[in-house]
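Enquirer: Sharing a structure here in structure tokens format.
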Amino acid sequence: MSAARWRRAMSGQVISAQAPSAAAAAAPARDSAWAWRLLALAALLLYPAVASPFFIFQVGGQALVLGIVALSLAWLGGYGGMVTLSQMTVAGVAGYALAIFGGNASAAHSLGWPWWLAIAMALSLAVLAAVAIGALAVRTEGIYTIMITLAIGVAFFYLVQQNQTVFNGFQGLSRILPPPLFGVDWRAPVPFYYLALACALAAYCAVAYLARSPFGMALQGIRENPRRMRALGFNVNAHRIAAHALAGLMAGAGGVLLAWYNSQISPGSVGTTALINILIVAVIGGMRHPAGPFLGALLFVLLQNFAIDLVDRERFNLVIGGVFLFILAVSPDGLLGVWRRLARTAHPAARRSSS
């Protein structure tokens with residue numbers, strides 16, 4: 001037996017010998033994580049029963065919608081290593097498409113398609129836009145990816161602001177209402193909250209599953225070392241573009257919900273401030289876990305609604321910037337990083353097994 005084969009055999013024996021003890025040590029941490037997930041799900045389902053309509057719609061519903069769009073960015077940045085500023089642009093494509101093709105928008109700018117066909121078209125165009133942006137962005141890395149996606153977002157902003165015929169210019173498109181399916185007013189606080197919660201849970205489960213799938217593991221390997229993954233035979237650009245397509249589907253769903261939430265879509269929804277806010281939401285919550293963007297969105301919405309009681313509305317960017325810097329100084333991985341640190345402190349056995 002050669003020395004290399006002997007080392008591989010011995011390392012396999014050591015790993016197999018340590019596996020039962022490591023699994024036993026990590027079992028309490030896994031059970032605790034599932035308990036927290038079930039507790040969080042129960043709290044989300046029961047939230048409308050104890051909250052006022054303002055907190056249900058303005059806080060809960062808005063946080064879920066922004067969390068979906070931010071999750072699409074976290075999927076690209078946290079799992080694929082591709083930090084972009086175009087996810088709100090993709091959401092805006094879906095929102096404008098919904099208003100133009102259907103969505104009960106202003107009669108002069110709506111084609112009046114059936115609601116299901118308008119939604120399908122909005123999501124399809126969002127995915128196509130994300131694929132086109134991804135095909136262009138994968139040719140760059142790092143700061144160049146951020147700059148090129150920012151340029152795309154700014155170009156789309158000026159397109160919808162200056163075009164009067166299709167996008168109605170600065171005023172945008174109004175009266176974008178969800179369809180009265182099953183006789184329910186889906187823009188009422190409680191129905192809209194549960195609609196947004198269903199979409200958020202679907203996006204969360206999709207990212208959590210794909211992160212552990214062969215595609216997700218390959219994408220994370222590309223994030224760490226694309227040159228090595230390319231040498232192993234993986235098509236790096238194809239994986240990255242596919243990740244953009246999935247992120248486009250999530251951002252498109254968030255864009256449709258955001259258009260229903262505001263009952264309109266305007267250039268302000270896809271401006272530079274909106275692009276940067278989504279990045280702030282994702283980074284504050286944590287980009288390495290699908291729950292992070294929703295935590296960041298909740299904190300952002302709470303500050304957006306209540307910080308004006310302490311400072312002027314014009315100084316909100318100063319407040320959110322200060323919170324952003326403070327959280328990153330305490331935990332570079334956002335609020336989820338703080339939570340994981342506390343979890344490791346509570347379960348030292350799991351921490352030793354993971355090291």
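Enquirer: Kindly list the number of the only condition in (1) at pLDDT below 95; (2) on the phi < 0 side of the Ramachandran plot that fails for Gly183.
Expert: Condition not satisfied by Gly183: (2).
Enquirer: Given the structure, is Arg230 of a type in the set (D, E, K, R), surrounded by fewer than 21 Cβ atoms within 10 Å (Cβ to Cβ) and within 29 Å of Pro53 (Cα to Cα)?
Expert: Answer is no for this residue.
Enquirer: A follow-up question, please. When the residues of the range 289-312 are filtered to those that are touching a Lys or Arg at 6+ places or on another chain (Cβ under 9 Å) and part of a loop (DSSP other than H, G, I, E, B), which remaining residue is farthest from Gly60 (Cα to Cα)?
Expert: His289
Enquirer: Looking only at residues that are touching a Lys or Arg at 6+ places or on another chain (Cβ under 8 Å) and not in a helix (DSSP H, G or I) in the range 319-355, which one is modelled with the highest pLDDT?
Expert: Among those residues, the one meeting the criterion is Asp333.
Enquirer: Does the range 177-195 contain any residue that is surrounded by fewer than 19 Cβ atoms within 10 Å (Cβ to Cβ) and in contact with a strand residue (DSSP E or B) (Cβ under 8 Å, 6 or more places away or on another chain)?
Expert: no
Enquirer: So Leu279 ticks every box in (1) in a helix (DSSP H, G or I); (2) surrounded by 24 or more Cβ atoms within 10 Å (Cβ to Cβ); (3) under 10 Å from the mean Cα position of the chain (by Cα) but one. Which box is left unticked?
Expert: Result: Leu279 fails condition (2) only.
Enquirer: Would you check which residues across the range 220-237 are closer than 16 Å to Ala74 by Cα and among the β-branched types (Val, Ile, Thr) and list them?
Expert: If the condition is that a residue be closer than 16 Å to Ala74 by Cα and among the β-branched types (Val, Ile, Thr), then Ile222 is the only one that fits.
Enquirer: Could you go through the range 119-139 and let me know if any residue there is part of a loop (DSSP other than H, G, I, E, B) and either surrounded by fewer than 17 Cβ atoms within 10 Å (Cβ to Cβ) or in contact (Cβ under 8 Å) with a residue 40 or more places away in the chain (or both).
Expert: There is at least one residue in the range 119-139 that is part of a loop (DSSP other than H, G, I, E, B) and either surrounded by fewer than 17 Cβ atoms within 10 Å (Cβ to Cβ) or in contact (Cβ under 8 Å) with a residue 40 or more places away in the chain (or both).
The values are calculated or read from the model by the stated rules, or taken from the named source; none is laboratory data. Only a predicted model underlies this, so the values are computations on that prediction, with no experimental measurement involved. With ideal geometry, Cβ positions are generated from the backbone for all residues, glycine too; neighbour counts draw on all protein chains shown.
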